[in-house]
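These notes are about the structure you will find just below.
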Amino acid sequence: MGFNPKGDPETVSGREIALTTAYSFRGYLERYFDSGLAVPEAISRESLVSSEIERIKSAATIIYVVSTIPRRLGGEATDAELALDKKRAKRVGWALEQALGGWTRKRVSYQVTAEIQREGAQLEWELFVPAHLTQLNTELCLVATWAIQNDEARWGRSAVVSLENEIRWMTYAMRD
């Protein structure tokens, strides 16, 4: 019996053998495939790209606010703590800008609202980064699953690379 990526029944010695899954699990994209994930039919490649741009833009706006607030950690913070906060903001901001470049070449505009200003003032790195990385892992599964189910493997691999790069850049940005 040979490899059959579509999962169609194959004939072996005159009888049909049905494969248990309709998808191959032999490639780069398939590492993140989740057969139990219910992908809404309304999702398209354009909507996935748009949501990634918005997600990164939102996080970058918060980090921009973090970087612009002097003594954000308060009056009791030491010089070392303040310096580390500024360094993290600069590094994470760079990582998000790089990640955005994986999804669009257009310049994006950032809108700082009162809510984003509040979030930036109250940001705790120990909560922000793990939540961001968890979201990225969720996005990896969604994008890979959608790409496989919609025969968009080439685009899916590019999207997975962009998400994996963002994970690497964010992790590296948080080194101390």
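The values are calculated or read from the model by the stated rules, or taken from the named source; none is laboratory data. These numbers were taken from a predicted model, which means no experiment stands behind them. Cβ coordinates were reconstructed from backbone atoms using ideal geometry, including for glycine residues, and neighbour counts include every protein chain displayed.
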Quick one: W125 ticks every box in (1) of a type in the set (F, W, Y); (2) farther than 16 Å from I62 by Cα; (3) surrounded by 13 or more Cβ atoms within 10 Å (Cβ to Cβ) except a single one, so which number is it? (2)
Yes/no for S158 being within 27 Å of I43 (Cα to Cα) and in a helix (DSSP H, G or I): yes
Against the conditions (1) surrounded by 15 or more Cβ atoms within 10 Å (Cβ to Cβ); (2) among the aliphatic types (A, V, I, L, M); (3) in a loop (DSSP other than H, G, I, E, B), where does V112 fall short? Just the number, please. (1)
Note: among R175, R154, R168, R105, just one is basic (K, R), at pLDDT below 95, under 30 Å from L73 (Cα atoms) and surrounded by fewer than 19 Cβ atoms within 10 Å (Cβ to Cβ), namely R175
Residue match in segment 134-145 (condition: surrounded by 12 or more Cβ atoms within 10 Å (Cβ to Cβ) and more than 26 Å from V49 (Cβ to Cβ)): no
Based on this model, can you work out whether A83 counts as modelled with pLDDT of 90 or more, part of a helix (DSSP H, G or I) and of a type in the set (G, A, S)? yes
Hey, does segment 4-19 have a residue that's loosely packed, with under 13 Cβ neighbours inside 10 Å, in contact with a helix residue (DSSP H, G or I) (Cβ under 9 Å, 6 or more places away or on another chain) and either modelled with pLDDT of 90 or more or of a type in the set (A, V, I, L, M) (or both)? no
